[in-house]
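The structure appears right after this line, and notes come after that.
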Amino acid sequence: LKRSDFEQQMFWLKTKISIADLTQKFYNICCNNCHRVTSAHKDHIFECNFYGEKQAIGMPRLRVEVKATYKTGSIIASLYGENAQKVLHCCAETLATHF
């Protein structure tokens, strides 16, 4: 089998999810339009180099690295936005305000 045989395949596994590292940063400041990480500060207006928006706003966006464990092994994966919120049970704004 070649790598290209798997590139367009989608697989579903029922796994156990756990937070990979409790010391990780659980949010990034991102462009409010394209969700790309930025060095801008929270709620500051900046020009997004990727999206081209001159009035982009730095917004917190959840990010969590999880360990997905199945019978035969495990893998580290990153979850963003709503998927990360389901694991963390809080929103990015709360984390950005308190940490």
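Computed quantities for the displayed model
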read-out: Relative contact order for the chain, counting Cα pairs under 8 Å that sit 6 or more residues apart, in percent; value: 26 percent
read-out: For P(r) over Cα pairs in 10 Å bins from 0, in percent, calculated from these coordinates, the label among (i) 11, 28, 25, 16, 12, 6, 2, 0; (ii) 15, 34, 29, 18, 4; (iii) 16, 43, 25, 13, 3, 0; value: (ii)
read-out: Cα-based reach from LYS16 at 20 Å (exclusive), listing aspartates and glutamates while leaving out same-chain residues under 8 positions away; value: GLU65, GLU82
read-out: Cleavage-rule hits, chymotrypsin sites (Phe, Trp or Tyr not before Pro), the stretch 27-62, DSSP coil, Cβ neighbours within 10 Å at most 13; value: PHE50
read-out: Sum of -39500 (n - 2.57) over DSSP H runs of 4+, divided by residues of the chain (222 nm, nearest 500); value: -4000 deg cm²/dmol
read-out: From phi via Karplus (6.51, -1.76, 1.60), per-residue ³J(HN,Hα) for the stretch 14-29 in Hz, x at Gly/Pro; value: 8, 10, 8, 9, 9, 6, 5, 8, 6, 9, 5, 7, 8, 8, 10, 8
read-out: Longest DSSP-loop-exposure-free segment, GluC sites (Glu not before Pro), the chain, at most 13 other Cβ within 10 Å; value: 48-99
read-out: Per residue accessible area of the stretch 16-98, 1.4 Å probe, in Å²; value: 68 Å²
read-out: ARG36 long-range amide H proximity, modeled H, under 5 Å; value: CYS31
read-out: Those lysines that a straight Cα-Cα span of less than 17 Å connects to LYS54, excepting residues fewer than 8 apart in one chain; value: LYS42
read-out: Test item: Cα-centred dipole of the chain, Lys/Arg +1 and Asp/Glu -1 on Cβ, debye; value: 400 debye
read-out: Stretchable slack from ASP21 to CYS91, in nm (0.36 nm times residue separation minus alpha-carbon distance); value: 23.4 nm
read-out: Accessible carbon and sulfur surface of the chain relative to its total accessible area, %, 1.4 Å; value: 53 percent
read-out: Karplus 3J(HN,Hα) series, Hz, for the stretch 63-73 with 6.51 cos²θ - 1.76 cosθ + 1.60 (x for Gly, Pro); value: 8, 9, 8, 10, 10, 9, 10, 10, 3, 9, x
read-out: Computed E for LEU13/ASN33 - FRET, C-beta separation, R0 30 angstrom, nearest 0.05; value: 0.35
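The values are calculated or read from the model by the stated rules, or taken from the named source; none is laboratory data. The shown structure was predicted, so the numbers you read here are calculated from the model rather than taken from an experiment. Don't worry about glycine lacking a Cβ; one is built from the backbone with ideal geometry, like all the others, and counts go over all protein chains shown. For accessibility, only protein heavy atoms count, side chains too; no ligands or nucleic acids. Shrake-Rupley method; radii C 1.70, N 1.55, O 1.52, S 1.80 Å.
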